[in-house]
Every structure is written in structure tokens, then in C-alpha cells.
1. Which residue is surrounded by the most Cβ atoms within 10 Å (Cβ to Cβ), if the candidates are limited to segment A:44-65 and must be closer than 23 Å to B:Lys35 by Cβ and at the interface with chain B (Cβ under 7 Å from one of its Cβ atoms)?
2. Just to check your reading of the model, which residue among A:Val156, A:Val119 is at pLDDT below 70, surrounded by 13 or more Cβ atoms within 10 Å (Cβ to Cβ) and under 27 Å from B:Ala106 (Cβ atoms)?
3. Name, by its number, the condition in (1) surrounded by 17 or more Cβ atoms within 10 Å (Cβ to Cβ); (2) within 24 Å of A:Leu162 (Cβ to Cβ); (3) modelled with pLDDT of 80 or more that does not hold for A:Lys79.
4. Pick from segment B:60-118 the residues that are at the interface with chain A (Cβ under 7 Å from one of its Cβ atoms) and in contact with a Gly (Cβ under 8 Å, 6 or more places away or on another chain): which of them is farthest from A:Thr8 (Cα to Cα)?
5. Restricting to segment B:73-108, count the residues that are crowded, with 16+ Cβ neighbours inside 10 Å, under 19 Å from the mean Cα position of the chain (by Cα) and without any contact (Cβ under 8 Å) to a residue 24 or more places away in the chain.
6. Of all residues in segment A:25-39 being in a helix (DSSP H, G or I) and surrounded by fewer than 18 Cβ atoms within 10 Å (Cβ to Cβ), which is farthest from the chain's Cα centre (by Cα)?
7. Considering segment A:9-34 alone, what residues qualify as being at the interface with chain B (Cβ under 7 Å from one of its Cβ atoms) and either more than 25 Å from B:Leu8 (Cα to Cα) or without any contact (Cβ under 8 Å) to a residue 24 or more places away in the chain (or both)?
8. Go through segment B:36-54 and give me each residue that's among the polar types (S, T, N, Q) and under 8 Å from the mean Cα position of the chain (by Cα).
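The values are calculated or read from the model by the stated rules, or taken from the named source; none is laboratory data. Just so it is clear, the model here is predicted, and its values are computed rather than measured. Note that each Cβ is placed from the backbone with ideal geometry, even for glycine, and that neighbours are counted across all protein chains shown.
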Amino acid sequence: MIELNTLTYLFMAVAGVVSLIATYLTIVENDLVKAVIFSALQSTVYTIIYYLLMAPDIALVYIPVSVGLYPAVILFLIKKTERTEGDLEGSGGDSLIGIYLTALAAVLIGLITGLNAYVFQNQPKLDAPVGIPAQVSNALISGTLFFFNLSEYLAVASGFTLVFMLLSIPEEIVRSFISGEAHE
Amino acid sequence: MNELNVFLFNTLLFSLFFNAGISLYGIFARPSLIKKIIALTIFSDTANVLAIVVGYRTWPSPEQSPIPPVITTTNPTTEDIARFASQAVDPLPQALVLTAIVIGLAVTLFLVFLTLQVYRLYGTTDVRRVAKLRG
């Protein structure tokens, strides 16, 4: 009978070996798009390692940054440097409202009910009965951190949309602008 | 069974160190600037995972598994706090790594724009050809 600890360590070892293979393929690969995909695989495996090493908060932050945003940025850079133009539908978002709402929700409930409320906590507090729960049926969601991370992801994504719009300016226009400045 | 656990954990550690070595090779030896950025990201991620590994607690007895550093009870008793202190992993590396991930994203974006500007000015992202250009 295999023990739970051994199973955890087995998953860790398998994840480590898979990340080793993915890193090797990333560095050796000549096609940069394939290299980015292997790098995303390595990031996914690192997320599993974070979760197994009892760091669920890090896993929550690491998934959108390293599996979503970072390969997107590198892929756009590859597209630009290989001169294949792509269409971009930019969509701004007011996701910062989500952060405000998360920060204010507990305060508003506390003001209405007259109880103590807590903000910015990932675990229950003694003197404050009102707050966002840290745990939903034995799964840690880290209280406000979960909603902060979700809103931050959307806010950073909308900011990156602006970056992508800058990156999607055609190269000829940029070059003529740069050379025009150089002649003046 | 204990030797098997140690072997499996060492496998993870050796994989991480080899990852760091391979990504350092990618940073120094590969010619493409984009490949250098990818390798730098892998290296920083590996350093983050190593920091988390340092904070991981591997020494509890086999019937006690480590838990995340979060108290989930509203009114913790003394036994709860003692059990938490004897089982929870170190939260300090996790706080540091949380900051390092976000800062690493900003640094990556800066390097992406530098690479794009190099391509706009020199027409290539190969450092061997950039080094041969003059003016």
C-alpha cells in the first residue's frame, strides 16, 4: 500500500523530470514559437510543483502571469520580428472596479450590520465575524486574495492590451518615424 | 519507504538545478535575443521554485503532512495554534516569490521592448550579427 506522502513526492519527482525535459526542448529548439509552447508547458509543471509544495497563493498568481501573459508577449514579439502583421481587437476594461468592490464589500457589510469586518486577509480573524471566506468546502481560496488576483489579472490584461496595440503598429510607420527624427 | 521519499524529493531538487544550468547555458550561448529572454524567464522561475523548496517542511512524521500557512478556524485554541506551528510551511519565501513573479513580468516586458527596438534599428535579433554591425 502506497502512502500519501510517497504519492506527493512521486508527483513532485515526475513534475521535476517533465520540467527538465521541457526546459531542454525549449533551449534546444530552433523554432521560437515551439520554444514558447515548451516554455508554457514548463510553467504549467511549475504551477503543479508550487501547489504540491503547499503554496496555493503562488500557484494562483503564477498561472495567469506565466502561462497566459508571458507567452502572449513573446509570441507578439516573434510576430513583430518576423514581420507578419496580425489584427488586434483591443478592448479596454475597467477591471480595477473589481479590486475596489472586493476591498469595499466587507466594509460595506460591516457598516450596514454594525459588526467588525476585515479586509486584506487570507484567513479568519478573531474579532471580525464579517469577511470573505478563506475556505469553501475544504478548498482554500485565500479569502480576498482570490478576488484580488482575479481582478488584478483582468486589470493587467487590459493594460497589456494597450501594450499589444503599441506593438501592432506597422513596422514601416515606426521606421519612417525613427529615421525622420534622425534626420532632424 | 523513507529512502524512497528522499530519493523522489532529491529527483525534484536535481531537476531544478539542471533546469537552472540549462537555462544559464541558454542565456549565455544561444544567439537569438528572444531565446535569451525565454531562458532568463525559466531561470528566474527556477530560482523562485528553489526559494519555495527552502521554505518547504519535509521533516514532520509520516502521519503528519505539511499544510499551507493559513489558519482556517475562526477561534483557534492553543492546540490549534500548536498544531499549526508544527505543520505549516514557512510563509516568508512565498511572500517574496509573490513579489518576484510580478517584478519578473515587468522586467520581461522591458526586455521585449529593447529587443524590438534592436530589431527596428539593426534588422536582426541575432547577437552575432548585431555585434558585427558598425554605426
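1. Only one residue fits best here, namely A:Tyr46.
2. A:Val119
3. Status for A:Lys79: all satisfied but (1).
4. Residue satisfying both the conditions and the ranking: B:Gln94.
5. Counting residues in segment B:73-108 that are crowded, with 16+ Cβ neighbours inside 10 Å, under 19 Å from the mean Cα position of the chain (by Cα) and without any contact (Cβ under 8 Å) to a residue 24 or more places away in the chain gives 2.
6. From segment A:25-39, those in a helix (DSSP H, G or I) are A:25-28, A:32-39; that's our starting set.
Next, from what is left, pick out any that are surrounded by fewer than 18 Cβ atoms within 10 Å (Cβ to Cβ): A:25, A:28, A:33-34, A:37.
On the way: A:Leu25: 23, A:Val28: 26, A:Val33: 20, A:Lys34: 21, A:Ile37: 16 Å.
Applying the filter and picking the extreme gives A:Val28.
7. A:Tyr9, A:Leu10, A:Ala13, A:Val17, A:Leu20, A:Thr23, A:Tyr24, A:Thr26, A:Ile27, A:Leu32
8. The initial filter retains those residues of segment B:36-54 that are among the polar types (S, T, N, Q), namely B:41, B:44, B:46, B:48.
Those that are among the polar types (S, T, N, Q) and under 8 Å from the mean Cα position of the chain (by Cα): B:Ser44, B:Thr46, B:Asn48.
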